[in-house]
Amino acid sequence: MSQEIGLLSVFDSGRLKEPPSFWLSLVRWLLLIPRLIVLTLLGLAFLVTGALSFLAVLFTAKFPQGNFDCRSKFMRWTWRIGFYSLEEFIDRNWSNIDWGSTLELYKTPKHGGRRFPAGTWIIDFLARDADTNDLVIIQLRRGETSDSSVGQLLRYASWVSEKVAAENQNVRGIIITKKADAALEYAVRNLAFVEVKTYEIAFQLKLKSAVTSTPPEPAEKQVVEAQ
């Protein structure tokens, strides 16, 4: 049931046909700066508290509750930054990703297809299949995922069917994850309207010579006659 979404590249193969404005791109990436600063501070605290916790466990045989809270916060921030990077990358390279069909981001006068509001929840991407007119819910999962993702997707599908979809308009879903585990595979096995796609991010550098040099002509052979 799992399919590969393809290789997402950052350089030439990842260019958009219609790139977003410079200011919009700048604002989106500037939003990462405060998160990176906090993540760096939490990383330092993670190392320090790790050493202190080792001593605490060694002498008291108890793991400090404060250290547990700090480590949990560190993991949450790590997940958020990684998730935001994946979401941003897919949004910028949407037209270059092979979805298996022609998907267009769903738009309303108030909202775009990215982070589409669904009541009290947020859908990562809501798209429309230009070939079948189906509404497609795209749910991102960074790293390994489990069958809990399916329950969340089914909740979104019910909401979209009731609040957004037109009469006789089908709703289906795509779960994008780094690696699909056995629980997820079994959870979607009998759900024909749910696909699981994996992704891989790679960096490609293509160098091309700006100036084409003309190879030198071979020197004429000189024949020296023996005297």
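The values are calculated or read from the model by the stated rules, or taken from the named source; none is laboratory data. Predicted model only: the values in this text are computed from it and were never measured. Glycine gets a Cβ as well: all are built from the backbone with ideal geometry, and neighbour counts include every protein chain shown.
Beta carbons closer than 6 Å, at least 6 apart along the sequence or on distinct chains, never pair a first residue in segment 179-190 that is over 13 Å from Leu154 (Cα atoms) and not assigned by TED's automatic domain parsing to the domain that holds Gly151 with a second that is at pLDDT 85 or above and part of a helix (DSSP H, G or I). So is Phe89 of a type in the set (Phe, Trp, Tyr), in contact with a strand residue (DSSP E or B) (Cβ under 6 Å, 6 or more places away or on another chain) and either over 19 Å from Leu47 (Cβ atoms) or at pLDDT 85 or above (or both) or not? When the stated conditions are applied, Phe89 does not pass them.
Condition first: touching a residue at least 24 places away in the same chain (Cβ under 8 Å), touching a Phe, Trp or Tyr at 6+ places or on another chain (Cβ under 7 Å) and at positive phi. Can you find one or more residues in segment 132-146 that meet it? The answer is no, given that none of the residues of segment 132-146 is touching a residue at least 24 places away in the same chain (Cβ under 8 Å), touching a Phe, Trp or Tyr at 6+ places or on another chain (Cβ under 7 Å) and at positive phi.
For residues that are touching a helix residue (DSSP H, G or I) at 6+ places or on another chain (Cβ under 9 Å) and under 13 Å from Gly173 (Cβ atoms), tally how many sit in segment 86-115. Number satisfying all stated conditions: 1. Here segment 87-105 is the region considered, the condition is being crowded, with 18+ Cβ neighbours inside 10 Å and without any contact (Cβ under 8 Å) to a residue 40 or more places away in the chain, and the residue that is farthest from Glu162 (Cα to Cα) is Asp91.
Kindly establish whether Ile175 is at pLDDT 80 or above, touching a helix residue (DSSP H, G or I) at 6+ places or on another chain (Cβ under 9 Å) and either outside the structural domain of Gly112 (by TED's automatic domain parsing) or surrounded by 11 or more Cβ atoms within 10 Å (Cβ to Cβ) (or both).
Values: at pLDDT 80 or above: yes; touching a helix residue (DSSP H, G or I) at 6+ places or on another chain (Cβ under 9 Å): yes; either outside the structural domain of Gly112 (by TED's automatic domain parsing) or surrounded by 11 or more Cβ atoms within 10 Å (Cβ to Cβ) (or both): yes.
When the stated conditions are applied, Ile175 passes them.
Looking at this structure, is Asp124 within 23 Å of Asp91 (Cβ to Cβ) and loosely packed, with under 13 Cβ neighbours inside 10 Å? Spelling it out, it is not the case that Asp124 is within 23 Å of Asp91 (Cβ to Cβ) and loosely packed, with under 13 Cβ neighbours inside 10 Å. Quick check: anything in segment 10-29 in contact with a Phe, Trp or Tyr (Cβ under 7 Å, 6 or more places away or on another chain), at pLDDT 75 or above, over 30 Å from Asp181 (Cβ atoms) and not basic (Lys, Arg)? Looking through segment 10-29, none of the residues is in contact with a Phe, Trp or Tyr (Cβ under 7 Å, 6 or more places away or on another chain), at pLDDT 75 or above, over 30 Å from Asp181 (Cβ atoms) and not basic (Lys, Arg).
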